[in-house]
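Bear in mind that the values in this text are calculations on the coordinates, not laboratory data. Keep in mind that this is a model prediction, so the values were computed, not measured. So basically every Cβ, Gly included, is an ideal-geometry build from the backbone, and we count neighbours across all protein chains shown.
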């Protein structure tokens, strides 16, 4: 069972009008899933920082995007990306499970 401490709910924009909810995972849970952000689990690098492969309890494989302090993009931009990705559902995009 996942130890999710809380969830974030936000209202949709005018286009979809839906309410969205994101699970909030503890940093300890994310560290365990990625084996402490191990280089062997690194999938690549994005605009905000590295992306890691991880495995949640129960075996579900996930990709974890980690915000890098010197990425040149701030926390607000990162939050906006999280909200935007949470709204998207497309067969060519991975589903956003939550954030930390």
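Converting the Cα gyration tensor eigenvalues of region 30-95 into ellipsoid dimensions via √(5λ) gives semi-axes, longest first, of 20, 17, 10 Å. A crude spin-label estimate for the pair residue 94 and residue 37, with each label 7 Å from Cα along the Cβ direction, gives 1.6 nm.
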